[in-house]
Amino acid sequence: MAEETEKIKAPTAAQLNAARRFVAEHGKPSKAVVENIGRAGARVVLVGADGALGDVLVPAPATGEALVEAVADLEPAEWDAETVNATRIGPEHRRRMAGPRARR
């Protein structure tokens, strides 16, 4: 079996700034769930202390984990009851996520 020598790609300044800005705008501590989205990389879903949702796309799950470690007051999380219950999804967000057919 061949060894994988894949390097962990560090998060970019833009990705770090987006996560830091989210924490500053939505409270400390904020939570981050790293979701593998296949070849596209990973999505770091951010949940603010106020329940707001945000995300940052990164090239790999390991990059997402590195992003979480690098941002102060951003805690790693899973989609457990505590994290899910911390989210506050308003009607505008629901409409946006429902897509164009729901807006008719």
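The values are calculated or read from the model by the stated rules, or taken from the named source; none is laboratory data. All values derive from a computational prediction rather than experimental measurement. Virtual Cβ from ideal backbone geometry, glycine too; neighbours counted across all protein chains shown.
Suppose the filter is among the hydroxyl-bearing types (Ser, Thr, Tyr), closer than 25 Å to residue 97 by Cα and either surrounded by 12 or more Cβ atoms within 10 Å (Cβ to Cβ) or free of Cβ contacts under 8 Å to residues at least 12 places away in the same chain (or both); does residue 83 pass it? Reasoning before the result, please.
Numbers: among the hydroxyl-bearing types (Ser, Thr, Tyr): yes; closer than 25 Å to residue 97 by Cα: yes; either surrounded by 12 or more Cβ atoms within 10 Å (Cβ to Cβ) or free of Cβ contacts under 8 Å to residues at least 12 places away in the same chain (or both): yes.
Yes, satisfied.
Assessment of the range 30-49 against the conditions (surrounded by 13 or more Cβ atoms within 10 Å (Cβ to Cβ), in a helix (DSSP H, G or I) and modelled with pLDDT under 95) yields no matching residue.
Among the residues that make up the range 53-70, is at least one of them more than 20 Å from residue 7 (Cβ to Cβ) and among the hydroxyl-bearing types (Ser, Thr, Tyr)? No, that holds for no residue.
Could you tell me whether residue 75 is outside any helix (DSSP H, G or I), touching a residue at least 24 places away in the same chain (Cβ under 8 Å) and under 17 Å from residue 11 (Cα atoms)? Judged against the criteria, residue 75 is a match.
If you go through the range 60-77 one residue at a time, do you hit one that is at positive phi and touching a strand residue (DSSP E or B) at 6+ places or on another chain (Cβ under 7 Å)? So that I can check it myself, show each step before the final result.
So in the range 60-77, the residues at positive phi come out as 73.
From what's left, touching a strand residue (DSSP E or B) at 6+ places or on another chain (Cβ under 7 Å): 73.
Among the residues of the range 60-77, at least one is at positive phi and touching a strand residue (DSSP E or B) at 6+ places or on another chain (Cβ under 7 Å), which makes the answer yes.
Report every pair of residues separated by at least 6 positions or lying on different chains whose Cβ atoms are under 9 Å apart, first residue within the range 33-52 and closer than 17 Å to residue 75 by Cβ and in contact (Cβ under 8 Å) with a residue 40 or more places away in the chain, second exposed (fewer than 13 other Cβ atoms within 10 Å of the Cβ) and among the charged types (D, E, K, R). Listed pairs, sorted by first residue: 33/78.
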